[in-house]
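J.: Can you read through this structure? Questions will come right after.
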Amino acid sequence: MEHLASIGFLLAGLALLYIGAEGLLGGSISLALRSGLSPLIIGLTVVAFGTSAPELFVSTRATLADQGGIAIGNIVGSNCFNIAIILGVCALISPIQVSSRLIRQDIPVLLAATLLFVIMLLDRYVGRVEGAILLTSLFAYLGLTVWLALHHREDPVATEYGDEIKAP
């Protein structure tokens, strides 16, 4: 009987996840249209926080239960899954046009954050100082991202190269 309850909770959770994803997508599109910000900026901020909230809760709970390995595994596994599986499946369904801004600014930040994470793990300890560095880095990146979006509406590389950078 416990197995049936577990399956029921799993199915209910998946249904709620689908409903939540639909709401997050609709709200994000509406926010992008109403604010005049690009969908990329909304994805880098609002959607990123919304989809990462469950990971934050799981990792926080694991850390409080003295299960730091689960927290680190959740972070690494989630990032690998997001890049490989989610991007891969989405690209198979429909090719994705990548903005030059993403290539110029956001991918280098992703690589730098990953390198910083690896360096922090070298001594096999992530403490308050490292946490403060990570949070400060994130808020600086988000602040710069929003500031650039509000002050530089055009993508100079896209304007210069036009159709040459579009996906096939």
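The numbers here are math on the coordinates, done by the rules we state, and not lab data. These numbers were taken from a predicted model, which means no experiment stands behind them. Positions of Cβ are generated from backbone atoms using ideal geometry, with glycine treated the same way; all protein chains shown enter the neighbour counts.
J.: How much FRET efficiency would the formula 1/(1 + (r/R0)^6) give for Ile103 and Val58, where r is the Cβ-Cβ distance and R0 is 35 Å, rounded to 0.05?
T.: On the way: r = 31 Å, r/R0 = 0.89.
Working from the Cβ atoms, E equals 0.65.
J.: Relative to the longest principal axis of the chain, what angle (0 to 90°, nearest 10) does the C-alpha long axis of helix 2-35 take?
T.: 20
J.: Follow-up. Relative to the longest principal axis of the C-alpha atoms of the chain, give the angle of the C-alpha long axis of helix 128-151, reported between 0 and 90° and rounded to the nearest 10°.
T.: Around 30 degrees separate the two axes.
J.: Moving on to the next point. Expected output is a single nm value to one decimal: the length gained when fully extending between Ala21 and Thr114, i.e. 0.36 nm times separation in residues minus the C-alpha distance. What is it?
T.: So the chain would gain 30.8 nm between Ala21 and Thr114.
J.: Could you check the spin-label model distance between Ala65 and Arg34? Points 7 Å from the Cα along Cα→Cβ, value in nm.
T.: Here the answer is 3.8 nm between the modelled labels.
J.: May I ask for the percentage of alpha-carbon pairs in the chain that lie more than 23 Å from each other?
T.: Looking at the chain, the distances longer than 23 Å represent 53 percent of pairs.
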